[in-house]
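Notes follow once the structure below has been shown.
The values are calculated or read from the model by the stated rules, or taken from the named source; none is laboratory data. All of these numbers come straight from a predicted model, not from anything done at the bench. Heads up, the Cβs are rebuilt from the backbone with ideal geometry, glycines too, and the neighbour counts pull from every protein chain shown. Ligands, DNA and RNA are stripped out before the accessible areas are found, and what is left, the full protein with its side chains, is counted by its heavy atoms. Shrake-Rupley method; radii C 1.70, N 1.55, O 1.52, S 1.80 Å.
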Amino acid sequence: MKKLVLLLIPVFLLGGTEFCRGEELPLIYKIAIRQEIHQASKRTLVKGLKQANERNADYIILQINTYGGALDAADSMRTAILHQKVPVIAFIDNQAASAGALISIACDSIYMSAGATFGSATVVDGSGKTMSDKYQSFMRSMMRATAEAQGKKKVVRNGDTVEVWRRDPAIAEAMVGKDSAGVLNVTTEEAMAHDYCEGKAQSVGEVIAMLGVKEYRFEEYKPTALDRIIGFFLLPMIQGLLLMVIIGGIYFELQTPGVGFPLIAAATAAVLYFSPLYLEGMAEYWELLIVLAGLALIFVEIFVTPGFGVLGILGIILFAGGLVMAMIDNSIFRFAGPFNWALVVKPVSVVVVSGFFSLGSLLLLVHKMYPTRLFNAIALRTALDGEQGFVGVKVEESSLEGRRAVVFSDLKPSGKVLIDNKLYEASAEYGMISKGTEVRIVRIEGGRLYCEAD
């Protein structure tokens, strides 16, 4: 019996050692938010939270240093944080202004470095101008709701136990400001005095120590090359440039059918514009269908029906509307309550500004490029005189009637035709005639040739 016990002791010791090895240390997972708040930073946070959950992290630390950014992205980020079951710790190592303040308040705990501040959450437009109180009221309610989401705690006052908010909603609301009152922006010491900061720390290691975790495993979210590429194309400035290429390419293609390159550029920009939005769940298939339907109506209006009327206007509305809808986070349509129009303002502004800037730039580009011979391949010169081979038609030149000519620019229904290496103003007798088509001059009227295709 004693021999059996002696033989079993090493087995139990070995099993106990293996059991101890099986107990993993707590996992601390860090996500760095060190940029302007926009769709790219939202993607970083959402993917980081997903990976932290997949790795069964015990704590998630957000290292924040931002001056704010887009409200729609900030709202999605704070919602993602509030829905986390794992404690999310904010470490403000410099600034958490505006949208950064909203994200910080959504975290379970806040730690700040010496000299750090957070607050100043007033809603402004792209030029930095304060927007109307409608938007400020919305932001104040969001800040209050985020602070209230942290719940209440019990404290003893005058011998009685009472419940108070962990984070005073009035403090969060003051960070937006109201009427003539100043906008609150607090330092580390002030945040601690208002119970908005659990402690002062100079590094992530100090934050972990203040959490009471002595031994732990540490991981950090690191975006892949694909993540960086997608994040780049989600930047508002890049989206605006892609919109300009899309609109400009379509414009040039409609002006000079058959060139090909403008359409290829527009299609490439469209793929780069929609792919990241579709992969992120922002653009859905029905939004892409709206854009395609708008383009189809524009092409029908230009190439099938003469002039420009209802179909063209409807096509422009659908095309622009689809671009706007693709930029809007569809999650705002899934919640009950008043519709948040503030989240629609930015996409509309980007599309409208990009559209007007694109068309204005195209007109300027055309004006600058007309004098060059290279541009003759896709556009006509504005000034054509005899030295350049242009001959105006006179009424008495009836000898041209019945002659054959080649269409130099599309007759839609007016354009230019080439006869004996000379250009003449011409119009299609019926419908439209494409560039390069051989036609016959059927009559001359008002100094203009009228042509028919064989």
Problem - For L62, residues with placed amide H under 5 Å, excluding near neighbours - result: I31, I89, A90, F91
Problem - Accessible area in square angstrom per residue, region 122-211, 1.4 angstrom probe - result: 56
Problem - FRET efficiency estimate (nearest 0.05) - Cβ-Cβ, A296 to L226, R0 41 angstrom - result: 0.80
Exercise for the section: Leaving ligands, DNA and RNA out of it, report the carbon-plus-sulfur percent of the accessible area of region 61-147 at a 1.4 Å probe. Expected result: 49
Practice task
Would you work out what percent of the accessible area of region 406-454, with all protein chains in place, is carbon or sulfur (probe 1.4 Å)?
Solution key: 45
Practice task
Beyond 21 Å between alpha-carbons counts as too far, so tell me which of K42/K85; K30/K85; K47/K214; K47/K85; K42/K222; K153/K178 fall in that bin.
Solution key: K47/K214; K153/K178
Fill in the blank from the handout: Once both label points are put 7 Å beyond Cα along the C-beta direction, the A145-N421 separation in nm becomes 7.5
Exercise for the section: Please report how far the C-alpha centroid of region 117-189 lies from that of region 400-443, rounded to the nearest whole angstrom. Expected result: 71
Practice task
Scale the Cα Rg of region 108-247 by the rule-of-thumb value 2.2 N^0.38 Å and send over the ratio, two decimals.
Solution key: 1.40
Practice task
Using the Karplus curve 6.51 cos²θ - 1.76 cosθ + 1.60 with θ = phi - 60°, work out ³J(HN,Hα) for each residue of region 34-44 in order, rounded to whole Hz, and write x for Gly and Pro.
Solution key: 10, 7, 4, 7, 8, 5, 5, 5, 4, 4, 4
Handout entry: Simple label model, 7 Å out from Cα along Cβ direction - S275 to A170, nm
Key = 5.4
Handout entry: Label-to-label distance, nm, for residues given as K85 and I317 (7 Å Cα→Cβ offset)
Key = 4.8
Practice task
Hey, can you grab everything whose amide H is under 5 Å from the amide H of D410? Only 5+ residues off in sequence or another chain; H modelled, so Pro and N-termini drop out.
Solution key: K435
Exercise for the section: Convert each backbone phi in region 106-117 into a coupling constant with the Karplus relation 6.51 cos²θ - 1.76 cosθ + 1.60 (shift: θ = phi - 60°), then list the ³J(HN,Hα) values in order as whole Hz, x for Gly and Pro. Expected result: 5, 6, 5, 9, 10, 10, 10, 7, 5, x, 7, 9
Completion exercise
Ordering 98-108, 31-41, 50-60 by per-residue average of other C-beta atoms within 10 angstrom, highest first, gives 98-108, 31-41, 50-60
Fill in the blank from the handout: Which residues qualify? For I419, with a placed amide H closer than 5 Å and at least 5 residues away or on another chain, they are Y424
